[in-house]
1. How would you classify chain A from its alpha-carbon gyration tensor, with a ≥ b ≥ c the square roots of the eigenvalues: rounded for a/c under 1.5, else prolate if a/b is greater than b/c, otherwise oblate?
2. Roughly how tilted is helix B:66-97, in degrees to the nearest 10 and between 0 and 90, from the longest Cα axis of chain B?
3. Ratio of the stretch A:51-138's C-alpha Rg to 2.2 N^0.38 Å, to two decimals?
4. May I ask you to compute the full-extension gain from B:ILE251 to B:SER50, defined as 0.36 nm times their residue separation minus their alpha-carbon distance, rounded to one decimal in nm?
5. Could you tell me which of the pairs A:LYS65/A:LYS263; A:LYS266/B:LYS232; A:LYS110/B:LYS8; A:LYS82/A:LYS155; B:LYS35/B:LYS62; A:LYS16/B:LYS103 are separated by over 24 angstrom between their Cα atoms in the structure shown?
6. For chain B, rounded, prolate or oblate, judged on the Cα gyration tensor with a ≥ b ≥ c (square roots of eigenvalues), a/c < 1.5 rounded, else prolate if a/b > b/c?
7. Can you pull the mean other chain C-beta count within 10 Å for peptide A:108-117?
8. In degrees between 0 and 90, to the nearest 10, how far off the longest principal axis of chain B does helix B:150-161 point, with axes built from Cα atoms?
Amino acid sequence: MEHAVKPHKRVRRWDKWTPYLFISPWIIGILLFTVGPLIFSLIMSFFDWPVTSSPKFIGLGNYTKMFTEDPQFYKSLLITLKFALFYVPLSLVTSLILAMLISQSVRGVKFFRTIFYLPAVVSGVAVSIIWGWIFNTKYGILNYALFLLGIEGPKWLIDPNSAIITIVIASAWGVGTMMLIFYTNIKSIPPDLYESASIDGAGPIRQFTHVTLPLITPTIFFNLITSTISALQQLTLVLLLTNGGPLKSTYFYGLFVYNNAFKHHKLGYASANAWFMFIIILLLTALIFKSSNAWVFYENEVKKERKKGGKKK
Amino acid sequence: MKLSSWHKIVVYILLIGFSIYFLFPFIWIVLTALKSEAEVHQYPITFFPSEFRFENFVNAWKAQPFGLYFMNSVTITVLTTLGQIISCSLIAYGFARYDFKFKNGLFILLLATMMIPWDVTMIPLYMQFNLFGWINTLKPLIVPAFFGSAYYVFLLRQFLMNVPKDLEHAAKIDGANDFQIYSRIFVPIMKAPLTLIAVLNMLSVWNDYLGPLIFLQDRMKYTLALGLASFKGVHELQILPIMAITIIMIIPPVIAFLYAQKYIVEGISGAIK
């Protein structure tokens, strides 16, 4: 700031604050609606905090109760992990296939792009109603179609064995956003890469595994993280489709926390539950980040590789 | 690149195959909503309604104060969109066009807040809004939007980073102050990304279920999503009105999407670039 000419000092002092003035809504907002509640929720997790009487400090009591006395905690955790284990790979693969399909230069492909994205703009309430009706065991079109094919359809949401899978199918309906993220990435791959690959005699499948796939690993990485986080927090669809049933087979972790807070009014305990999931999410994200060195290739690396490959020839 | 014809055939078969999964459920609820009560509960299932009963929509609309719920949803959607456009453009402008102390640290904090699970903050937020006397009003659903949203700020900032620096300099020489530069030069430039965040916000707010579920108790305050879910909870077997209201609820987001499709397809990748 050692300029030779110093204009009005008062103006300059104000200038220093201008950027903070611009971001001030966010600073106020984050203190009021994010950081404040976050810290408060951590504090609450060390209290027995009923709604009707005054809170009582119990140290790690909520956490020990969660790990040692509450079998539902483990059950819900397991159900949610099971859901994520089905949902994350399925949605990644589906959205990648869809993105590849809508990247093909065939006629009418934009129309299909619109169709594939459409469910992503629909409310969770509508999704639950639409799929609940399709999966209806009595009047549902799906089991009727299966019946016409000579197959006796499962009882979908009514059967504890199939309820999670049913929720996975309904959730995967909204993969449009992931598809679009893949799509814009695939579209940005320079066509000459494919041309040189096809001159080398690579067919569509080899082109996909040797050109497309390595170049989109950063996007796969991004989608893997976001879909894992959203799978672990799934709540709306469960609340509306099954409300945890049948026989608590879909009592997801999100529902477990929600009910502890707003149904059983154990605010301290629910805060501890929520913090545990927060830490799991942080750890998982860190794990995925750490593994990314091994399988995510950034563009400059790939260019280097290509140069190396070129030299060999 | 020219595609071989067998390649094209495989692509079309897959495109059409997936379309069944993505499109058929929509078609099916429309067909259901137009049937008669008896036909809905008929077995074997008839595919097309024997006659199209458009009066189902009118009857459904009257079954509950859905008009009121609809207006509440509109109020929240319009006001939050306004709030997000104003606040996020200011915040993103600050982050993208200035250098200041703690800028990088603050921006990382902004990105980090996107990872916080919703259930961690929801209990304290409920208590806080209760303290403010905001429970059972639309305020908890509207006011936070005026303080920006991390994802939207991020999208706008990415856009603004690519605008050449000369713009401010020229305007500064002409004597414009910082706020004028923002409002007269940068807001018009941001039209495309602002449209994108406006539509993304409209979609997420219109479709929100958990927020209204937690903060609203009085039926007269319900949003359309909450009103429909609670109607379905009580009248599980009234398939016709449930389907009709579902269709009505889906129409605004679908129109918004079709209108802004270009912005969404181009802008959503800003998330990773």
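1. Since a/c reaches 1.5 but b/c is at least a/b, the shape of chain A is classed as oblate.
2. The angle comes out near 20 degrees.
3. 1.81
4. Here the answer is 69.9 nm.
5. Table pairs above 24 Å Cα-Cα are A:LYS266/B:LYS232.
6. Oblate, since a/c reaches 1.5 and b/c is not below a/b.
7. Mean partner shielding for this stretch: 5.
8. Between the helix axis and the principal axis of chain B, the angle is about 50 degrees.
Taken together, the values in this text are just the output of simple stated rules run on the coordinates, not laboratory data. Since this is a predicted model, take the numbers as computed values, not measurements. Because the Cβ atoms are built from the backbone with ideal geometry, glycine has one as well, and the counts that use them run over all protein chains shown.
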